[in-house]
1. Does the range 32-50 contain any residue that is among the hydroxyl-bearing types (Ser, Thr, Tyr), open to solvent by less than 70 Å² (accessible area, probe 1.4 Å) and within 12 Å of the chain's Cα centre (by Cα)?
2. How many of the residues making up the range 88-111 are open to solvent by less than 40 Å² (accessible area, probe 1.4 Å) and not in a helix (DSSP H, G or I)?
3. Specify the residue that is surrounded by the most Cβ atoms within 10 Å (Cβ to Cβ); the eligible residues are those in the range 1-31 that are in contact (Cβ under 8 Å) with a residue 60 or more places away in the chain and of a type in the set (S, T, N, Q).
4. Give the residue, chosen from GLU3, GLU8, that is acidic (Asp, Glu) and at pLDDT 90 or above.
Amino acid sequence: MRELLQYECVQNARLSGFLAALICGIGGSLVVVNRMVFLAGGVAHASYGGIGVALFWNLPFMLSVLGFTVLAAVVMALFMLKARNRADTFIGALWAIGMSFGIILLDFTPGYNADLMSYLFGSILTVSHADLLYMAVVLVIGIIFTVFFYNDLLAISYDSEFSGLRGIPVTLL
């Protein structure tokens with residue numbers, strides 16, 4: 001067992017699992033308390049379109065996926081603010097559109113012949129040092145944001161309308 005821990009891929013996997021646990025613990029609790037689990041799933045699966053864009057047009061992978069994901073999240077958030085009672089239908093549609101768009105672009109990519117499921121689930125053993133750095137940056141930003149806006153996030157989680165009346169920027173947060 002000790003020999004296994006000497007490999008760099010195993011060390012990166014352990015560290016990425018630890019960082020992911022911290023990131024998901026902070027963000028996930030807010031997602032669950034605010035009943036936005038379907039929104040989080042929609043954003044995650046819609047990001048598959050960014051994978052298709054990156055591979056089809058030979059763009060930087062991380063930037064393409066990040067841009068597509070942020071765009072999908074903003075569109076979903078705006079719709080949730082305008083029509084919260086129908087948001088689940090819209091989120092489900094964007095979920096399917098993003099994934100379909102990504103799959104279609106991957107299918108049209110010349111010479112591309114990889115397993116599509118590997119992009120959905122990945123492998124923790126393929127985490128690189130750059131990925132660890134990205135995760136560390138996201139963790140630090142998440143901690144700073146949560147600590148700085150904790151009381152506002154807590155108030156919004158309990159009652160967003162009352163929080164807005166008290167002057168908390170509900171839409172921005």
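1. As a first pass, look at the range 32-50 and keep what is among the hydroxyl-bearing types (Ser, Thr, Tyr): 47-48.
Filter once more, keeping what is open to solvent by less than 70 Å² (accessible area, probe 1.4 Å): 47-48.
Next cut, within 12 Å of the chain's Cα centre (by Cα) only: 47-48.
Yes, some residue in the range 32-50 is among the hydroxyl-bearing types (Ser, Thr, Tyr), open to solvent by less than 70 Å² (accessible area, probe 1.4 Å) and within 12 Å of the chain's Cα centre (by Cα).
2. Qualifying residue count for the region: 1.
3. Among those that are in contact (Cβ under 8 Å) with a residue 60 or more places away in the chain and of a type in the set (S, T, N, Q), it is SER16.
4. Result: GLU8 is the single residue among GLU3, GLU8 that is acidic (Asp, Glu) and at pLDDT 90 or above.
This table checks each residue for (1) open to solvent by 90 Å² or more (accessible area, probe 1.4 Å); (2) at pLDDT 85 or above; (3) touching a Ser or Thr at 6+ places or on another chain (Cβ under 8 Å).
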residue	(1), (2), (3)
ARG84	yes, no, no
TYR119	no, no, no
SER123	no, yes, no
ASP131	no, yes, yes
LEU139	no, yes, no
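The values are calculated or read from the model by the stated rules, or taken from the named source; none is laboratory data. Computed from a predicted structure; not experimentally measured. All Cβ positions, even for glycine, are placed from backbone atoms using ideal geometry, and neighbour counts span all protein chains on display. Surface accessibility is based on the protein's heavy atoms, side chains included, excluding ligands, DNA and RNA. Shrake-Rupley method; radii C 1.70, N 1.55, O 1.52, S 1.80 Å.
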